[in-house]
Structure formats: structure tokens, C-alpha cells
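The structure appears right after this line, and notes come after that.
The values are calculated or read from the model by the stated rules, or taken from the named source; none is laboratory data. Just so you know, these numbers come straight off a predicted model, no measurement behind them. Every residue, glycine among them, receives a Cβ derived from its backbone with ideal geometry; neighbour counts consider all protein chains shown. With ligands, DNA and RNA removed, areas are computed over all heavy atoms of the protein, side chains included. Shrake-Rupley method; radii C 1.70, N 1.55, O 1.52, S 1.80 Å.
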Number of protein chains: 2
Amino acid sequence: MALLVMKFGGSSVTDASAMRRVAQRVAASHRCGNKVAVVVSAMGDTTDDLLDLANQIAPGPKPAREMDMLLSAGERISMALLAIAIQELGVPAKSYTGAQAGMRTDTSHGRARLLDVQPGRVRSTLDEGTVAIVAGFQGISTGDDITTLGRGGSDTTAVALAAALDADVCEIYTDVDGLYTADPRIVHNARQITRITIEETLEMAAHGAKILHLRAVEYARRFTVPLHVRSSFSDREGTHILVGRPLTEDTMEEPIISGVTHDTSLGKVTAVGIPDVPGAAASVIGAVAQAGVSIDMIVQNISTSDARTSDISFTIPEAEGPDAVAAVRALQATMGFDDVLYTSHIGKLSLVGAGMRSNPSVAAKLFESLASAGVNIEMISTSEIRISVICDQADVENAVRVVHTAFGLDAEEEAVVYGGTGR
Amino acid sequence: MALLVMKFGGSSVTDASAMRRVAQRVAASHRCGNKVAVVVSAMGDTTDDLLDLANQIAPGPKPAREMDMLLSAGERISMALLAIAIQELGVPAKSYTGAQAGMRTDTSHGRARLLDVQPGRVRSTLDEGTVAIVAGFQGISTGDDITTLGRGGSDTTAVALAAALDADVCEIYTDVDGLYTADPRIVHNARQITRITIEETLEMAAHGAKILHLRAVEYARRFTVPLHVRSSFSDREGTHILVGRPLTEDTMEEPIISGVTHDTSLGKVTAVGIPDVPGAAASVIGAVAQAGVSIDMIVQNISTSDARTSDISFTIPEAEGPDAVAAVRALQATMGFDDVLYTSHIGKLSLVGAGMRSNPSVAAKLFESLASAGVNIEMISTSEIRISVICDQADVENAVRVVHTAFGLDAEEEAVVYGGTGR
């Protein structure tokens, strides 16, 4: 008998019939003798409908505390309906709000961080053989106000609950069969990954793969929660994400490369002609960080024409471009550099694989394959298990396909991509 | 500076523009220097929409705990939106769930009773000059589960909150201008009541007046909460309901009669030919009560044709008719009576007025006016301040008009009846 946490996102519970399908799956797992805790998001369009109402009432900025109160109604509806659907199948089920499930957060409305999980009621419910359904995305703050966890919040709720319950596995149900060696919409013969380490998953999530939210993966890694990412529309095995074991050095066992990800949501800022004095880079990057901008990659290089100045480039989420440019622009006069350039026409390609650490030819092979495809590399950054390059946005999709083929990741058949509802 | 509780029902918050109108009213009261707590119901159709979803998932009986979880989302949405709307007007506002507002109930899901109200957070919020918005209709049980209070629940929340906060007045906003001397849809020149005692209000609510829920009126009487029933669509003074003072004997000050109510939602059960032995009535009524049926009026009279048997008739809510008949039918063989008759074609007219206790001619005048209109009286029951008669349902509307005129209640002008939305 296993203890499972099953997480279903909004696209798995769009309407009553989808809700019944999820209930069937939960009931089947319960009937196998498992203790089942379910984390569920708001139904399909609920959040958008509530936001729409709020915008009708206040077109501008809205009080964050009240927006959390408003949006948290969405999970309350879906979890109660799911409990009703499961009970309709003869399986006992009870729903719990974030507060009732012991999801204690800080007071940052709209993007609260979990501080503590005390799932005593959930555990008692599981122990009595009842399915426990927990509202994803929400918690209660140290000030006893309702909070929401922000983007990817339901995944985080599921992983945190699994950690607190010491669950055997946290199953993340989504609308694809699992993680792929590349985005199947771009690489039609991308291959589904059956097993992957949490470290590789973290790199993939951080560098463009959209199936799992980075925050939930970080949580899973920290608390060694095994994940199983799978489709809510089929019974196929998905991707098992392995945690808590040393990365193997034996490349016969693991593939060198797990996948190729890409990201076109970044922008690039360049400060041109910075006088080459100690601390210049620190000043620029420090000012940007202080403006609350998340910096992705940084490259500094001496100007070829004038050895006494250098350029600093860094990438950032596109939405934060204006803030980043403003922060750098504010330094221009005092630091005496020439100009600040900005472009959002960049793309990032990342090659991720635990095997590359013992295989020094990976970088060379990557650059060769990009060169042969005529892709110009603007920036490079690496980790132990990842190489990322920045190129022109127009080149990214072709680059992903070329690299995917070069590293032997192509499957013989085309990947199946599921639609949203109706399957 | 007064402390007010303002209660708005679902018909006052049907959409974003209605929500803004309510916000204007709350903000205006706050700007007058009042401490304002608001109790709000779910928006217009929300509850029906949620019930519809639940019915799609489980057509039959549904788990009461989960239905409460589901329906309580409705107030969460309306109270958060109202808080946003009030803040949009520059007035600070915070919303609180039933649990956060300290509404502790028993564990009877769907019809929970309030056990205790501990509005500490609401009080602090008011003390800091912020409007506190509280979800009507809901609470948290002694087992820490979400409960709903059943019919009229939001009125009860408002009155209970007003009692716990020792509010100066509890304003109940509705879609009419207040209480009337009769239903204005039937008596077109019914007069709005400006002042009335809580005891009279209780009798009116218990005998057909639909503006206030009996349960909330009982609560207001018990905890001496002054009520002001008024329209959310106009600024006119409504009906002030007076509590905590002795009923005056001075009929010069108070009108003898406050109003005429009617009720066509009742059925009548008659057990025919009951052997006239001691305890017969107790057996019949006891069996009906044990079946959970609410008994309204009871009449027993010796049969005219046969002095050794009698008939017992009683009225009950129509919905409980089948249960009542079954309970009486079960006694027929052992008690040896002739038959059980049932009709739902009855109507009840009630005349309510604190002045009638010192005015013995009221009953005679009532019966005379009914006789002159050709209305046949089937049953009579009285209290200190009320006389009710049962007649044929087809006669009720005419009877109400005749009695209204006979007691001099007609106004010179027609009453204004507001529609639901859009005003």
C-alpha cells in the first residue's frame, strides 16, 4: 500500500465530465489500496472569470489581500465538486482548504511562500481510508489571511504536501504524457523521457521546459520527493523524476543528454563602452538586481576596438526589460559608459544532461552543429549538467531541431500531443 | 459615531455595477464617521450556478459537507469583490470568511445553528477605521469544517454579528422600502410601516411576511438588536424595528394593528372520526412531530353527528405534507379512526398588532369583515398580538384586501414596488 499525492491542474478539470474522469482515476487508485491525497487547481476558466469581474469593478491596481480572497474561491469550488464526484463513485472523500490542510505561508499576497506544512487533518483523513482533496495554490498567512502562492502554486502545494506526508510519490497530471527531449510542437519526433534526475529536471524547468514549475521542482529536490509527471488523458506511464540518489558517473546507464529546451521569453540588455575599472560589472549588475529584476545570463567582454572599455550584456525576463534598462540607464552618467542597448529578439537553447559532466566533447559537438546550421551564438553559459546559448530568436526553432538530431535524440515516431479538453 | 452592521442580499449584488452601487452606500456611511461592518450574500445567480454544476456531477443526493464547501465559495467571491469596490472609492476595507469572523456553528451541514460569535478580528478592523466585510450564511463548525446556515442565513449572520459587536443598528437592505401593512403586490395601497415592535415583526415573519427571515428576527429579539429594514435601491427611510422596551399599553401612541399577512404555502391534514378518549390528540400530534414535521395550527372539535368521536386538523408546510399524512396514516389501525384527509388548497390570513391585546373588539371586527366578503373560516388561532384564520386558498387575496380596508390601513397612494436589478 502506497501513499500517493495526485495533482490535477485546471486543464484536467475544465467541466463536469472532466471532473468525473479525474474522479474515476482517483477512485481506481484508492481501490488498489493506496492512500490518496489529491491536490486540485481551479476549474479551467474560473480564474479568468473572477479576474474579469474584478477588472469590471476596479480597472486599475487591486488590493492584493482581496484578490487572494477572491481567487481562492476557485479551488474551493473545484475541490468540493471533485469530492462530490468521488463520493458518487462510492469512495469516501473530503475536501480541505489550504488553511485546513495546514499550508502556512508568509504574508506576501499573490506570491506567498510556504513557511510550514502541518497536514494533520489530511493525514487523519488518509488513515481512516478516505481520499483527502486539498486546494492547490492557496494557504493561510502568519497573520491568518488567505494567501495564494502565485505561478505554479498548485504544483508547489502538491510537492509540499507530499514532502510533509512523506508520500511514496507525487503524481503531477498534465495534458502531455510527461517530459520530452524537446518541445514536441517544434521537434515532432521528440522522445518521451522515461527516467530523469531531479537536477536535470531543474535545469530543464529553469531554461524553458514548461511542464513543471521551477519552484515545485526546487521544492521536490530539497525535500527529496519523487515525482511522476503523466497525462490525465491516458493511462500511459509518464516521466519518473528520480531524487535523493547520487548522479551516476556511469554513462552506459544514463543517456549523456536528456533533452534540449528553449526559451523565447527573454530580453538582452547591453551596457556599451564601460570604462575598464575594477567593480564596474558589480555596479551594473548590482543596480539591476536591486531593481528587483531576475538576471539570467551575464557576459562581459573587452571591446575589440578599444582595450580600455568593455561591454556587459545580460539576459532577463522580457517583462522586466524596462526596469532593467532604467536601472542601467541611471548609472550611465556617473559611470561614464557610452550607451544602453536592449533587444527582445533573442532566443535561448539549452542542452541538459547529467552525462555531459564526464563527456567533454558535448560542448564542441553543440557548437559544431549550430555552426553547420548557420546559427550565430551571441552568449554562452554553462553549469555542470547544462550548456545554454543565446542566439537570434528567428533561429531558435531550427537550432533546437538540429541539436536534437545531432545528439541522437530523435525518435522513430512522431510524439503524440494532446489537446486540452475532450480526451 | 455609530457602529452599524449593513446587510446586503444576493439581489443587491447581482453584477459589477450593483456591487459598485453597494460600495458607494457603504463608503458614504463610513465617511459620515460610522464604524461599518458589512454582511454580504453570494451574487445573484452564483448559488444556482454552483448547484447546477453539482447536479451535473451527482444528480442524486450529495454529501452535505462538500455542498457547504462548494456553496461557501459564493460569499467569498462577493465579499472580496465588494472589498475591492470599496477600496476603489478610497475607503479601506477587508473581507472575512465566516470562520475568520468567528462564526462558530454546530455540525449540521446545510442548516447549521450558530453556537458562538467571536468577532475579534472584525472589531479590530473597525477600530482601525477600516470597513469589515463578513461572508453571510457561513460559519465553521466545532469540528473545524465549513458550514452554511440554511435559509435566511445571511440575515442571521448580520443580526448575530450586530449582537456580538453591540452595534447601534443592523440595517437589512432588500429590494423593497421596508415592511408593509400587507403584501403590496396584493394590496396596492398598502402602507409602509415606519416603526414596529420586534414582537409584531416576529408574528408577521412567522405568518407569511417574507422580507425578514423568522430565524433572524428571533435572534434580534433575543439579543435586543435594533433592525432597520430598507431598500438598497433608494435612500428613503425604511422600517425601524424596536427592541428591548415594554410593549406600550397606550394605543394612542401605537396603531392597534400593524399589518395583515398571508401565507399560501401551507397544507391541512385532518384525522376524521377519532374515538374520543383521553390522549388521542397527543398521540396524533406527537407522531407528526416525531416525523420531523413543523406543525403550525391545531384544531380539535367534537363531531356534530356522533358525540363519541372527534376530528383533529392541523396545518403544516406543504412540502412536509406527505410525511405528515404518512405519520397519521400509520396510527389509523391502532387508534381506530375513520380516515386521513389532506388538502393544500388552504390560505392563512393573520392580523398582527400590539394594540389588539387591550382592544377586545379586534377579533369580532375581523370575523365580521370576512363574513361580509363571503369568506368561510375553517380554523382560528390566536396569540396576544395576532389572530390567524385558515380559509380557502382562492379567497385569501380578497380577504387580505377586505381586512386591510376594514382596519383603516389603506394608504392614499399606491405603494412603490421595486424590481430586482437595474434600479
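A few remarks follow.
- The set of residues from region A:167-190 being touching a Ser or Thr at 6+ places or on another chain (Cβ under 7 Å) and surrounded by fewer than 21 Cβ atoms within 10 Å (Cβ to Cβ) comprises just one member, A:D175.
- Every residue from region B:368-384 that is surrounded by fewer than 17 Cβ atoms within 10 Å (Cβ to Cβ) and among the β-branched types (V, I, T): B:I377, B:I380, B:T382
- Residue within region B:23-43 that is assigned to a loop (DSSP other than H, G, I, E, B), within 9 Å of chain A (Cβ to nearest Cβ) and open to solvent by less than 40 Å² (accessible area, probe 1.4 Å) present: yes
- Within region B:128-139, the set of residues being in contact with a strand residue (DSSP E or B) (Cβ under 6 Å, 6 or more places away or on another chain) and open to solvent by 10 Å² or more (accessible area, probe 1.4 Å) comprises B:T130, B:F137.
- Any hit, region B:296-311, residues being open to solvent by less than 30 Å² (accessible area, probe 1.4 Å) and modelled with pLDDT of 90 or more: no
- Any hit, region B:325-337, residues being in contact with a Phe, Trp or Tyr (Cβ under 7 Å, 6 or more places away or on another chain) and either buried (at least 21 other Cβ atoms within 10 Å of the Cβ) or not polar (S, T, N, Q) (or both): yes
- Considering (1) in contact with a strand residue (DSSP E or B) (Cβ under 7 Å, 6 or more places away or on another chain); (2) closer than 20 Å to B:T47 by Cβ; (3) open to solvent by less than 10 Å² (accessible area, probe 1.4 Å); (4) more than 7 Å from chain B (Cβ to nearest Cβ), the lone condition that A:G74 does not fulfil carries the number (1).
- All positions within region A:144-166 that are closer than 26 Å to A:T14 by Cβ, more than 18 Å from the chain's Cα centre (by Cα) and open to solvent by 10 Å² or more (accessible area, probe 1.4 Å): A:I146
- Any pair with Cβ under 7 angstrom, 6 or more apart, that starts in region A:195-209 at a residue that is closer than 16 Å to A:P317 by Cα and hydrophobic (A, V, I, L, M, F, W, C) and ends at one that is open to solvent by 30 Å² or more (accessible area, probe 1.4 Å) and not in a strand (DSSP E or B): A:A205/A:H213; A:A205/A:L214; A:A206/A:L214
- Any hit, region B:54-63, residues being farther than 26 Å from A:A85 by Cα, assigned to a helix (DSSP H, G or I) and either open to solvent by less than 30 Å² (accessible area, probe 1.4 Å) or of a type in the set (G, A, S) (or both): no
- Being in a helix (DSSP H, G or I), more than 20 Å from A:M79 (Cα to Cα) and either touching a residue at least 12 places away in the same chain (Cβ under 8 Å) or at the interface with another protein chain (Cβ under 7 Å from one of its Cβ atoms) (or both) holds for only one residue in B:A83, B:A101, and it is B:A83.
- Residue under evaluation A:T125, criteria (1) of a type in the set (S, T, N, Q); (2) closer than 21 Å to B:P63 by Cβ; (3) open to solvent by 10 Å² or more (accessible area, probe 1.4 Å), criterion not met: (3)
- Within region A:233-244, being open to solvent by 10 Å² or more (accessible area, probe 1.4 Å) and hydroxyl-bearing (S, T, Y) holds for one residue alone: A:S234.
- Consider region B:198-231 and keep the residues that are of a type in the set (G, A, S) and farther than 12 Å from B:G178 by Cβ. The one that is surrounded by the fewest Cβ atoms within 10 Å (Cβ to Cβ) is B:A206.
- Those residues of region A:44-58 which are within 9 Å of chain B (Cβ to nearest Cβ) and touching an Asp or Glu at 6+ places or on another chain (Cβ under 9 Å), in sequence order: A:L53, A:A54, A:Q56, A:I57, A:A58
- Residues in region B:344-367 that are loosely packed, with under 15 Cβ neighbours inside 10 Å and touching a residue at least 60 places away in the same chain (Cβ under 8 Å): B:S344, B:S358, B:N359.
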